[in-house]
Amino acid sequence: MSAKLWIEDGSRNDPKNQKGIHQLLSSTMLRGCGPYNNQEIAEIVESSGANLNCDTYEDGLLISLKCVESDAFKLLPLIGWMITKPVLQKDQIELEKDLTIKAIKRQKESTYQLAFDGWRKMAYLDGPYGHDPLGSIDDISKINKEHILPIASSLIHRKKNLVISGKFPSDVINYIENTNAFKCISKDFTNKSQLYKNNNKFDIISKPQASLCTCSLNTKQVILLLGKTTIRYDNKSDILLRLLSCYLGYGMSSLLFKVLREKYGLVYEAGVYHPIRENQIPFIMHASTTEEKAIITLQLLKECWEKIINIEISPEELNLVKTKYRGQMAHSLQSISQRAEHKAHLLGIGLKKDHDKEILLRLESITSKEIKDAANKYLREPLLSVCSSKEVIRKISKDWEI
């Protein structure tokens, strides 16, 4: 059995100067809740051979429980207690602060992460998506229990969606509605209380002041990220951009693989980053190459970008892309855990439970012209982020023209 509880608003609702507070809350909730302390929770979960986690995303918090059916009634109350009565002991908060700071430092050892952080800051500025869910070291160092308490209290009033997949007790819904652990939560998980207010509203992002961001390191590696902020996931044009991301970066028949690897042998990694987000989704082509091949790699990335804006893909390519998309969707929903998480995520960002079926039905009628028009509308004037040596950055900066 897999249970996934999505709670609206994750790191996008971190208060100013408290970037990472949702991450601290989600990790500390596992260290004591309701009548149980840190050790007791660990014993309950581990003695059942179960798995209990809470992860922070930009759009929400995700509590995940995986267990066998016979242990459902023993473990499900932990999810309720995490929301309604987290203990939040000071020593456990300090421990999580230390672990989070170490995780951020490890991230900063990745050249790709540095390039992505630069692109994100350039694209989203100080907006809700402008920082990593882990937060910043400076902010986390200053956060204490008094800062976390109001965030923890707000969880009860936020919109929530619980999805249970696999084999579970037939009366599980009745149990959840009547058990003490869930008492303070509305029986209707999707009922959003007026007591909760999102602090960080999404406004139209002002045009970035620059289209190039660089990070200089003593490295022989070159990371190139070329991308644009786009539309909400519930926008009808989102599927058109999903098909484009398949066309560009999914599999060995993708445009980036054929051009950058097969034809020219320029990169050891290339692809497209296009996640599911409630708002202003990033659409990014990325490539890793060497100093000698950096300029030609960038030139080809720009040509691939221009191609999807200016040229309609052929009927054969369109059929292949649609097949890829169906396969990609099927591959991402193989396990009960994947299916529960995807469903909870979709419901959490305001979509219907049969959203995927509607998209697959619509897929048949989508044309190459629609895809090109969407690219023209949403993908013009991309932003470039580069992480490399000073000399390569100097050459790229001189060469960079959209």
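The values are calculated or read from the model by the stated rules, or taken from the named source; none is laboratory data. Computed from a predicted structure; not experimentally measured. We place every Cβ from the backbone using ideal geometry, glycine too, and count neighbours over all the protein chains shown. Note: accessible area is taken over every heavy atom of the protein model, side chains too, but ligands, DNA and RNA are not part of it. Shrake-Rupley method; radii C 1.70, N 1.55, O 1.52, S 1.80 Å.
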Checklist entry - Relative to the longest principal Cα axis of the chain, at what angle does helix 72-84 sit, 0 to 90 degrees, rounded to 10? => result 80
Item to check | Accessible area of the chain belonging to carbon and sulfur atoms, whole % at 1.4 Å probe | outcome: 51
Item to check | Those GluC sites (Glu not before Pro) in the range 51-126 that DSSP places in a loop and that have at most 10 other beta carbons within 10 Å | outcome: GLU109
Checklist outcome for this item: Once the mean of 1/r over all distinct C-alpha pairs in the range 341-402 is inverted, the Kirkwood radius in Å reads 15.9
Next on the checklist: If you average the C-alpha positions of the range 133-175 and of the range 253-290 separately, how far apart do those two centres end up, in angstrom?
Outcome noted: 34
Next on the checklist: Suppose only helical runs count, i.e. DSSP H with n ≥ 4. What mean residue ellipticity at 222 nm does that imply for the chain under -39500 (n - 2.57) per run, divided by all residues and rounded to the nearest 500 deg cm²/dmol?
Outcome noted: -13500 deg cm²/dmol
Checklist outcome for this item: SASA check, ILE295, accessible area w/ 1.4 Å probe, all protein chains in place, rounded to nearest 10 Å², comes out at 60
Item to check | Gain on full stretching of the segment that runs from GLU292 to THR323 - 0.36 nm per residue minus C-alpha separation | outcome: 7.5 nm
Checklist outcome for this item: Note on the chain: contact order normalised by length, alpha-carbon pairs under 8 Å, 6 or more apart, percent, works out to 22
Checklist entry - Per residue, how much accessible area does the range 73-113 have with a 1.4 Å probe, in Å²? => result 50
Checklist entry - Using the Karplus equation 6.51 cos²θ - 1.76 cosθ + 1.60 (θ = phi - 60°), what ³J(HN,Hα) coupling, rounded to whole Hz, does each residue of the range 221-234 give in order, writing x for Gly and Pro? => result 7, 10, 10, 10, 10, 10, x, 8, 6, 10, 10, 5, 5, 7
Checklist entry - Can you give the accessible area of GLU46, probe radius 1.4 Å, in Å² rounded to 10? => result 140
Checklist entry - Local charge sum around GLY348 (other residues, Cβ-Cβ under 9 Å, Lys/Arg +1, Asp/Glu -1)? => result -1
Next on the checklist: How big is the dipole moment of the chain about its Cα centre under a simple scheme where the beta carbon of each Lys and Arg is +1, that of each Asp and Glu is -1, and everything else is neutral? Debye, nearest 20, please.
Outcome noted: 500
Checklist entry - So, with +1 on the Cβ of K and R and -1 on the Cβ of D and E, and no other charges, what is the size of the charge dipole of the range 241-379 about its Cα centre, to the nearest 20 debye? => result 340
Next on the checklist: Give me the dipole magnitude in Debye, nearest 20, for the range 1-127 about the Cα centre, with unit charges on the beta carbon: positive for Lys and Arg, negative for Asp and Glu.
Outcome noted: 360
Item to check | Cα-Cα over 31 Å, subset of LYS97/LYS398; LYS160/LYS302; LYS16/LYS74; LYS302/LYS324; LYS102/LYS236; LYS74/LYS159 | outcome: LYS97/LYS398; LYS160/LYS302; LYS16/LYS74; LYS102/LYS236
Item to check | Volume of the Cα convex hull of the range 216-332, divided per residue and given in Å³ | outcome: 123
Checklist outcome for this item: Counting Lys and Arg as +1 and Asp and Glu as -1 over every other residue whose Cβ sits under 14 Å from the Cβ of GLN328, the net charge comes to +3
Checklist outcome for this item: Given a Förster distance of 51 Å, the FRET efficiency implied by the Cβ-Cβ spacing of LYS390 and PHE73, rounded to the nearest 0.05, works out to 0.25
Item to check | the chain: angle of helix 294-310 to the longest principal axis, Cα-based, in degrees nearest 10 | outcome: 80
Item to check | Local electrostatic count at LEU260 - Lys and Arg +1, Asp and Glu -1, tallied over other residues with Cβ under 14 Å | outcome: +3
Checklist entry - R0 = 35 Å: FRET efficiency of ASN235 with TYR112, Cβ-based, nearest 0.05? => result 0.80
Item to check | Cα Rg, Dmax (largest Cα-Cα span) when computed across the chain, Å | outcome: 22.7, 66
